[in-house]
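Participant: Structure in structure tokens, see below.
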Amino acid sequence: MRGDLVRKMAARCLSTGLAVLAFVVLALTGATDWGLALAVAALAAAAVEQRIRPGADLVAETALIAAAVLVGYSRRLDDGFDPALVATALVLLGLVLLVGPLRTAGNLEIRAANLPVRSWTPLVADRLGTALLGLLAVVALAAALVLPAVVALVASLLVGAGAGAVALDLARRRFRPAAGGGAVARALRRHEPEFLLYFSAPPGSEYQVTMWLPYLERIGRPFVVLVREPEFLAPIAAATDAPVVYCPTLRAMDEALVPSLRAAFYVNHGAKNSHCIRFTQLTHVQLHHGDSDKAPSANPVSGIFDRIFVAGPAAIERYARAGVRIPAEKFVVVGRPQVESIEVRPEPVRGLAHPTVLYTPTWTGHHADADYCSLPVAETLLRRLLERGATVILRAHPYTAQNPASARQLGRLTELLVADRARTGRQHVVGAAARELSLTECVNRSDALISDVSGVISDYLYSGKPYAVTDMGDEGDGFVRRFPLAAAGYVLRRDMSNTDEVLTDLLDTDPAAEDRWATRRHYLGDFPAESYAEAFLTAARRELAPQRTLTAPAAV
């Protein structure tokens, strides 16, 4: 999170600074060529800021750049009063002032993918800022080449006409909405989805949805994915054939939740979940996006859902242990269907000369009490693994790069493994190569796991292979009481003082092998391997009760 803030501040300072500098040079000095070059650089910086800060307000920057370019253009023409250049200035001023409001209005429109509808207005409105930057670049080029001002005017009028068409269509949608909803609502009614997957989360969290999509598709009923942030529309739509709808407002949700819907599934405890739970005629089911002993896995907010699908009895006990009282009838044990493709090793394999070890450090979390990240102390661990002849698969949490310190630590570990690969030929898997592998592929390639407290351990438990857990809170005996899953593994102290002992247990003797099977049933349910995912599919179909009429949502 801190890394994102630094990047956003740097982008803001660069674009604003260059815009001011370009205006000062062109307005107050005779260095026209340098001023135009600075204006182009400012445009490039503004484009970068748009990518880093989607929806950023660039009115000040674009106004300064436009003024600077027009001053330079006027100086290059040296023809005195030029009506075409004055008209260009007026069009540019209108665009600078209108782009932001039009983009905001466009972002309030419902959008969809994988539905037979075409809604060009919100898409064009979203790209008007980029079009304005491109137009200013064209005007700057025309100034540099001393082209007639009419060239800049024509280009400006073309972009202005597009902006005008967008404004008229958005106004029509707002003040004269179609009876029965727009094109998206009509297409959804034709699709007749029986359930929806509701999703709201920070950027980069789409994995929470994509892990469930194959199993939702296997339910065999039509459904829709409803997202609340625009950046998720494209990546999630690429991962499924089901309709994906972006609903920016509560009114858009009212339009998208068509009468055929019977149930809503959720994969996290996002604050915007309440926007959908207000529809009391739906059955609301929490799926979670992993099973672990982390504090968020026993979130009291779970109590607002009608059903809580959990992997095994251990998840129910986790709530009770945290003092969260939820009626027993809300819980449904369905296993963890995502593990069905994990290869199970029924007998322990001890004393491998060249084991493959999967290391999965988690991220630092939003709060200090949820920081289980072992990256600060991991170099000692990896060096000991290399001394034992191990091949390492280093697969960090997707959020790792959001913390600059974690990103640097991960970089050092990656360099260490790359150097060892060059020296020994051991095929360590790091960086992009590790992210390209699914978690299941990483589990199947490995002989043992070293992980922080996270849902990876529960998934790995299904394989029957040994694992070690890092005690980053330095809790000693209290660690296993707080995180019971660690009892069937081997616990690494924060200072790594017991690394050799733990690696011997993990890779050579494996004394906890028998305990893991009982723990596996407790955490992942006791379902046949050949039909493991059927427990989830059966439970999900059960929640699709006979059709009910969707009434007006209850107030929240």
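Participant: Got a number for the accessible area of residue 293? Probe 1.4 Å, square angstrom, nearest 10.
Facilitator: Using a 1.4 Å probe on the heavy atoms, I get roughly 20 Å².
Participant: Let me ask something else. Which value in deg cm²/dmol, rounded to the nearest 500, describes the helix-derived mean residue ellipticity at 222 nm for the chain, given -39,500 (n - 2.57) per DSSP H run of n ≥ 4 and division by the residue count?
Facilitator: -15500 deg cm²/dmol
Participant: Rounded if a/c is under 1.5, else prolate if a/b is larger than b/c, else oblate: which is the stretch 1-154, with a ≥ b ≥ c the root eigenvalues of its Cα gyration tensor?
Facilitator: Verdict is oblate for the stretch 1-154.
Participant: Starting from the amide H of residue 284, placed 1.01 Å from N in the peptide plane, find each other amide H under 5 Å away whose residue is 5 or more places distant or on another chain.
Facilitator: For residue 284, whose amide H was placed from the backbone, the distant partners under 5 Å are 264, 306, 307.
Participant: With the other protein chains left in place, how much accessible area per residue, in square angstrom, belongs to the chain at a 1.4 angstrom probe?
Facilitator: Result: 44 Å² of accessible area for each residue.
Participant: Then there is this: Which percent of Cα pairs goes in each bin when the distances of the stretch 154-286 are cut into 5 angstrom slices starting at zero?
Facilitator: P(r) for the stretch 154-286, in whole percents per bin: 2, 9, 19, 20, 18, 12, 8, 6, 3, 2, 1, 0.
Participant: Let me ask something else about it. Relative to the compact-globule scaling 2.2 N^0.38 Å, provide the ratio for the alpha-carbon radius of gyration of the stretch 183-227.
Facilitator: Rg over 2.2 N^0.38 Å, computed on Cα atoms: 1.27.
Participant: Where does each of 207, 198 land when they are ordered by accessible area, with a 1.4 Å probe and the largest first?
Facilitator: Accessible-area ranking of 207, 198, largest first: 207, 198.
Participant: Compute the distance in nm between two label points, each set 7 Å from the Cα along the Cα-to-Cβ direction, one at residue 231 and one at residue 86.
Facilitator: 4.5
Participant: Using the Cα gyration tensor of the stretch 225-278, with a ≥ b ≥ c the square roots of its eigenvalues, what is the shape: rounded (a/c below 1.5), prolate (a/b larger than b/c) or oblate (neither)?
Facilitator: It comes out rounded by the Cα gyration axes.
Participant: What is the chain's relative contact order, in percent, from Cα pairs under 8 angstrom and six or more apart in sequence?
Facilitator: Computed over the chain, the figure is 13 percent.
Participant: Post the alpha-carbon centroid distance, the stretch 378-443 to the stretch 317-350, in whole angstrom.
Facilitator: Cα centroid of the stretch 378-443 versus Cα centroid of the stretch 317-350: 28 Å apart.
Participant: Long-range amide H contacts for residue 226: which residues qualify at under 5 Å (H placed 1.01 Å from N, peptide plane, sequence gap of 5 or more or a different chain)?
Facilitator: 197, 198, 199, 245
Participant: Please work out the C-alpha center-to-center distance from the stretch 78-137 to the stretch 1-43 and express it in whole Å.
Facilitator: The distance from the Cα centre of the stretch 78-137 to that of the stretch 1-43 comes to 21 Å.
Participant: Which whole-Hz couplings ³J(HN,Hα) result when phi for each residue of the stretch 467-474 is put into the Karplus expression 6.51 cos²θ - 1.76 cosθ + 1.60, θ = phi - 60°, listed in order with x for Gly and Pro?
Facilitator: Couplings: 8, 10, 10, 8, 9, 7, x, 6 Hz.
Participant: Would you please give the FRET efficiency between residue 8 and residue 347, computed as 1/(1 + (r/R0)^6) with r the Cβ-Cβ distance and R0 = 45 Å, to the nearest 0.05?
Facilitator: 0.30
Participant: Could you please state how large a percent of the accessible area of the chain is carbon and sulfur, counting protein chains only and using a 1.4 Å probe?
Facilitator: Within the chain, the accessible surface is 59 percent carbon and sulfur.
Participant: Take each uninterrupted DSSP H stretch in the chain, measure its Cα extent along the helix axis, and return the ones at 24 Å or beyond whose mean Kyte-Doolittle hydropathy is at least 0.5.
Facilitator: Membrane-span-like by this rule: 2-28, 32-52, 59-77, 83-107, 120-144, 149-175.
Participant: Accessible surface of residue 527 in the full protein assembly, 1.4 angstrom probe, to the nearest 10 Å²?
Facilitator: 60
Participant: Rounded if a/c is under 1.5, else prolate if a/b beats b/c, else oblate: with a ≥ b ≥ c from the C-alpha gyration tensor eigenvalues square-rooted, which is the chain?
Facilitator: Here the chain falls in the oblate category.
Participant: Can you compute the modelled spin-label distance between residue 474 and residue 93, with each label point 7 Å from Cα toward Cβ, in nm?
Facilitator: Distance between label points: 6.5 nm.
Participant: Quote the FRET efficiency, to the nearest 0.05, computed for residue 436 versus residue 60 with a Förster distance R0 of 41 Å and r equal to the Cβ-Cβ distance.
Facilitator: Calculated transfer efficiency: 0.50.
Participant: Applying 1/(1 + (r/R0)^6) with R0 = 56 Å to the Cβ-Cβ distance of residue 183 and residue 147, what FRET efficiency is obtained, to the nearest 0.05?
Facilitator: 0.85
Participant: If you average over every viewing direction, what projected area does the convex hull of the Cα atoms of the stretch 282-428 give, in nm²?
Facilitator: So the Cα hull casts an average projection of 11.8 nm².
The values are calculated or read from the model by the stated rules, or taken from the named source; none is laboratory data. All values reported here derive from a predicted model rather than from experimental measurement. Counting neighbours? That spans all protein chains shown, and the Cβs are built from the backbone with ideal geometry, glycine included. Ligands, DNA and RNA are stripped out before the accessible areas are found, and what is left, the full protein with its side chains, is counted by its heavy atoms. Shrake-Rupley method; radii C 1.70, N 1.55, O 1.52, S 1.80 Å.
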